[in-house]
Structure formats: C-alpha cells, structure tokens
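The values are calculated or read from the model by the stated rules, or taken from the named source; none is laboratory data. Note that this is a predicted model, so its numbers are computed, not measured. Counting neighbours? That spans all protein chains shown, and the Cβs are built from the backbone with ideal geometry, glycine included. The accessibility values were calculated without ligands, DNA or RNA, using every heavy atom of the protein model including side chains. Shrake-Rupley method; radii C 1.70, N 1.55, O 1.52, S 1.80 Å.
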Amino acid sequence: MIEAIWITLLLAAVTTPVLLIIATPIAWWLAQKGSWIKDVVAAVVALPIVLPPTVLGFYLLVALGPNSPLMAVLQPFGVRTLAFTFTGLVIGSLVYSLPFAVQPIRNAFEAMGSRPMEVAATLRASKWDAFISVALPQARRGFLTAAILVFAHTIGEFGVVLMIGGSIPGQTEVISIRIYQAVEQLNWAEAHLISGGLMAFSFVVLMTMLIIDRRFSARTAGIRP
Amino acid sequence: MIRIALNGRVGDLDLDVAFNAPGEGITAIMGRSGSGKTTLLRAMAGLDRLTGEVTVSGRVWQDATRFELVHKRGVGYVFQEPSLFTHLSVQGNLDFAVKRATKAVDRAEIIDLLKIAPLLPRAVSKLSGGERQRVSLARALLSGPELLLMDEPLSSLDQTARQEILPFIRVVGARVPVIYVSHDPLEVSRLTERVLYLSEGRLSERPAVSLEGLSQAEIEALARQALGG
C-alpha cells in the first residue's frame with residue numbers, strides 16, 4: 001500500500017511541473033489571435049477530455065510498446081519499450097492531463113490581453129524579457145489552477161494507467177488501481193484507509209496552494225498582510 | 001528634430017501622414033475618434049507596422065530598409081487607460097523602467113517632479129485614476145525616452161483629476177519632446193500652441209493655429225471647423 005501511495009505521489013510530482021513547462025508555450029501560442037490552424041490544434045489538445053481513458057490508454061500502449069515507430073526512434077538509445085514502466089506512466093499522464101494544463105493558462109493569457117506586453121515593450125523589454133517578467137506573473141492564477149488540476153487529475157487517474165501501466169507493484173501500481181483491487185478482494189478496510197487518506201491529502205494540498213497564492217499576490221502588489 | 005512620414009492601411013483607415021516636429025516641447029495632434037490618431041501614434045512607437053520613415057533626434061527608428069522593434073526605439077508611451085503592471089507595486093513599476101532604461105535618469109528627481117513619493121509602497125489597485133496616470137508618466141520618463149507619445153492620457157479621468165494632472169504634463173513636456181494626441185481643444189489649448197489636425201488619415205493643410213488669447217467659444221468653433229464637424 002505504501003508503495004502504491006509513493007508511486008502515485010511521485011507520478012503526480014513529476015507530471016505537474018513537466019506538463020506546466022510543456023503547456024506554457026502551447027497556451028501562449030493559442031492565446032494569440034490567429035488562423036484556423038489554432039482551432040485545429042486547440043481541438044487536438046482538448047481530445048483527452050472527450051476520449052474514454054481506455055481509448056487513450058490503448059493508443060498510448062501501441063505507441064509505447066515494442067515495434068512502434070516511436071520505439072524505433074528510441075531503439076538506438078537502448079530503449080525497447082516504455083509500456084509497463086514508470087516512464088510510460090509519466091508520458092501517459094502528460095498526454096491525459098494536457099488540456100487541464102493548457103486551458104487555464106491560455107485563459108489567463110487571454111484575460112491579460114496584449115496591453116501589458118505592449119507597455120513592457122515601450123519600457124525597453126524584449127519579447128522574451130516581457131514574457132518572463134510580465135506575462136508569467138500576470139497569468140499566475142492560471143498556472144496555479146493548472147497545477148492543482150493536473151496534480152489532482154494525475155492522482156485520480158485510472159483507465160489510462162491501467163492500460164499502459166499494467167499495475168506492477170512498486171513500479172506502476174498507483175492508488176486508484178490499488179483501491180479497485182482492494183474492493184474486488186472485499187478488503188474494505190484498506191479501501192477505506194487509502195480513500196480517506198487521499199481525500200484528506202487532496203484537501204490539504206488545495207488549501208495550502210490557495211493560501212500560498214493569497215500571500216503571494218498580497219506581497220507582490222505591495223500590501224503587507 | 002522629429003521627422004515622420006508614414007502610410008498604410010489599418011482596418012478601414014487609409015493613413016498617409018508626413019510632418020516634422022521640433023525636438024522639444026509638446027506637439028499636439030487633434031482629430032475626431034476614428035481619424036487615425038491612435039494608429040499614427042502606435043506606428044510611431046513601432047507597435048503597429050506602417051511603411052515610411054520615423055527619425056527622432058537624428059536616430060532612424062524606421063525607413064525603407066530598417067524597422068527597429070519597439071523595445072529598441074527610445075520611445076515612451078502613455079496609454080489611454082492606466083496601464084500600470086498590476087502584479088507590481090508602484091515602486092515595482094518604476095523599477096521595471098529603471099532596470100531597462102537606455103540612459104540614466106535621476107530617479108529621485110522624477111519622483112519629486114510628479115510628486116509620487118507617498119505612493120511608492122502602494123498597490124496599483126489602491127491608486128486613484130489621476131495618481132495612476134502620474135505614475136505612468138514617471139515610469140515612462142524613467143525609461144529615458146528620446147520621444148514621449150501620449151494617447152489621450154486624460155480621457156479616463158474625471159474633471160477634477162484632469163485639472164490636477166495638466167500641469168504635470170506641461171512639466172514633462174519641458175524635459176522631453178512630447179507628441180500629445182487628443183480630441184479635446186480645451187485640454188490642448190492649455191498644453192501647447194503647436195497643433196496638427198488629423199482627419200480621415202490625413203493631416204490638414206492649415207498651419208498650426210495659435211489658440212492663445214481666444215475665448216472658449218472661439219476655440220471650440222475653431223476646433224469644430226478644423227475637425228470638419
């Protein structure tokens with residue numbers, strides 16, 4: 001049980017920062033006014049919301065399994081398959097939670113509008129400088145929302161991890177699967193323990209992040225709390 | 001000396017403008033909404049791309065072969081609505097400009113000039129409209145601009161705040177050359193005698209009109225005439 005909890009937390013802790021980094025340029029690009037290609041990309045990014053996790057998991061299993069084109073590329077580096085590995089789980093989680101990271105960040109960039117970037121440019125900030133020192137802090141709440149959603153979503157993942165992880169204890173067995181198995185074996189005590197713990201943990205994480213955000217915004221805006 | 005020759009289409013507007021302005025004091029550009037005032041100002045700053053030439057104090061910002069990006073032009077810009085960074089305090093907003101300034105500006109002097117010392121630790125959201133525009137002015141000055149562009153900086157303010165801030169704009173105009181865009185003849189008459197009229201993307205042929213010594217009614221009649229109203 002402890003192993004499953006550890007694997008789950010590790011998965012969420014790795015997925016969240018990596019996905020925020022991947023999602024930021026996508027969200028920025030989508031937030032700029034532009035062509036129909038953006039609608040296509042936006043739809044592709046949103047696919048994991050509407051697809052059944054098993055469908056997503058199936059395609060990921062095919063892509064990460066031996067003999068896939070992706071693995072052919074990785075073969076020279078000594079990687080034969082990523083199915084049923086922790087790395088495979090991380091990749092699956094990244095794809096599965098992508099829309100939950102992109103959407104809030106994109107919304108935050110859109111709410112900011114183009115004016116702050118223009119102001120920064122007239123104050124001699126290059127595009128990159130303005131992005132780092134104006135756009136990112138202005139979109140702070142979007143990032144916080146994205147982080148919370150991705151973290152929670154990864155912890156609660158079931159279908160995808162079952163398909164590509166195969167539930168190997170100590171490697172790919174996460175708590176959502178562990179709970180399912182405990183219930184199947186009529187081991188209600190363990191199911192209760194993990195489920196209750198998960199609830200309490202999620203609550204504490206959410207509270208902490210909201211408090212940090214409140215402190216942070218008060219401090220940068222110049223109000224001493 | 002400021003030399004401007006810009007032309008191009010933006011939306012429905014066909015802009016074609018050429019003028020010179022001295023490299024000191026305030027030059028006002030007046031015109032109705034939709035006449036292309038903001039478009040012209042944005043193009044001068046490089047925020048929008050028009051073809052033509054922009055030369056400020058001997059430095060070419062853009063011509064047939066070259067287009068300096070906004071952050072490479074020594075431009076200052078005060079926008080219509082207060083546009084301070086909300087994630088920073090007043091102090092933070094000023095620091096942003098000082099850190100990136102192209103030439104050293106005496107920070108204490110600017111703060112004193114615009115009387116914003118008591119505002120420094122405040123949050124931007126806790127400032128009045130007039131205070132915000134004063135901080136915006138200070139921030140623009142601190143970036144060390146060769147030319148300061150102002151796009152109706154009073155339009156978001158109430159009457160009292162306007163009266164309060166006009167003297168500050170005059171003071172700023174005495175330090176840095178300013179191009180001041182407005183549709184309000186009274187406001188302009190209190191700032192400068194150098195006025196250009198813009199109508200449907202063209203500067204009118206008439207020479208700059210001196211508004212000094214005229215009554216309010218006369219100024220308004222002149223303005224109506226000039227704006228083709």
I need a count of the residues in segment B:196-213 that are open to solvent by less than 60 Å² (accessible area, probe 1.4 Å) and at pLDDT below 75. 3
For the structure I just gave you, tell me whether B:Glu81 is within 20 Å of A:Val134 (Cα to Cα), of a type in the set (Asp, Glu) and touching a Lys or Arg at 6+ places or on another chain (Cβ under 9 Å). yes
Hits in segment A:1-41 - residues which are farther than 30 Å from A:Gln181 by Cβ and under 13 Å from the mean Cα position of the chain (by Cα): A:Leu20, A:Ile21, A:Ile22, A:Ala23, A:Thr24
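Tell me which residues, restricted to segment B:85-104, are facing chain A (nearest Cβ under 8 Å), within 24 Å of B:Asp158 (Cβ to Cβ) and either touching a Cys at 6+ places or on another chain (Cβ under 7 Å) or at pLDDT 95 or above (or both). Working first, answer last.
Applying the first criterion (facing chain A (nearest Cβ under 8 Å)) to segment B:85-104 yields B:85-92, B:96-97, B:100-102.
Filter once more, keeping what is within 24 Å of B:Asp158 (Cβ to Cβ): B:85-86, B:90.
Scanning segment B:85-104 gives B:Phe85, B:Val90.
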Suppose we filter segment B:66-84 for residues that are part of a strand (DSSP E or B), more than 7 Å from chain A (Cβ to nearest Cβ) and touching a helix residue (DSSP H, G or I) at 6+ places or on another chain (Cβ under 7 Å); how many remain? 1
Which residue pairs have Cβ atoms closer than 6 Å, lie 6 or more positions apart in sequence or on different chains, and pair a first residue in segment B:182-199 that is of a type in the set (D, E, K, R) with a second residue that is surrounded by 18 or more Cβ atoms within 10 Å (Cβ to Cβ)? B:Arg194/B:Thr27
Output the residue which, of all residues in segment B:62-98 that are closer than 18 Å to B:Arg134 by Cα and among the β-branched types (Val, Ile, Thr), is nearest to the chain's Cα centre (by Cα). B:Val78
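Would you list the strands (runs of 3 or more DSSP E) that sit entirely within segment B:1-63 and hold 3 or more residues that are open to solvent by less than 20 Å² (accessible area, probe 1.4 Å)? Please lay out each step first, then the result.
Working: elements: B:2-10, B:13-21, B:26-30, B:51-56, B:59-62.
Because the criterion is at least 3 residues that are open to solvent by less than 20 Å² (accessible area, probe 1.4 Å), the strands (runs of 3 or more DSSP E) in segment B:1-63 that meet it are B:2-10, B:13-21, B:26-30, B:51-56.
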Please enumerate the residues belonging to segment B:105-133 that are closer than 14 Å to B:Ser143 by Cα and within 13 Å of another protein chain (Cβ to nearest Cβ). B:Val105
Which number in (1) assigned to a helix (DSSP H, G or I); (2) farther than 29 Å from A:Gly197 by Cβ marks the one condition that A:Arg124 misses? (1)
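Sort out for me the helices (runs of 4 or more DSSP H) sitting completely within segment B:85-185 that have 3 or more residues that are farther than 30 Å from B:Ala217 by Cα and open to solvent by 50 Å² or more (accessible area, probe 1.4 Å). Spell out how you get there, then give the answer.
Numbers: elements: B:90-100, B:107-113, B:129-142, B:159-173.
Hits in segment B:85-185: B:90-100, B:107-113.
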Filtering segment A:79-121 down to residues that are over 24 Å from the mean Cα position of the chain (by Cα), in a helix (DSSP H, G or I) and surrounded by fewer than 17 Cβ atoms within 10 Å (Cβ to Cβ) yields A:Arg115
Any residue at all in segment A:179-195 that's among the hydrophobic types (A, V, I, L, M, F, W, C), within 30 Å of B:Asn93 (Cα to Cα), open to solvent by 30 Å² or more (accessible area, probe 1.4 Å) and over 20 Å from the mean Cα position of the chain (by Cα)? no
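Do we find that A:Glu110 is within 14 Å of chain B (Cβ to nearest Cβ), of a type in the set (Asp, Glu) and at negative phi in this structure? Explain how you work it out, then say what you get.
Details: within 14 Å of chain B (Cβ to nearest Cβ): no; of a type in the set (Asp, Glu): yes; at negative phi: yes.
No; evaluated as a whole, the condition is false for this residue.
Just one of B:Ser156, B:Ser182 is within 14 Å of another protein chain (Cβ to nearest Cβ) and within 14 Å of B:Phe79 (Cβ to Cβ); which is it? Outline the logic, then answer.
Details: B:Ser182 fails: within 14 Å of another protein chain (Cβ to nearest Cβ).
After ruling out the rest, the residue left standing is B:Ser156.
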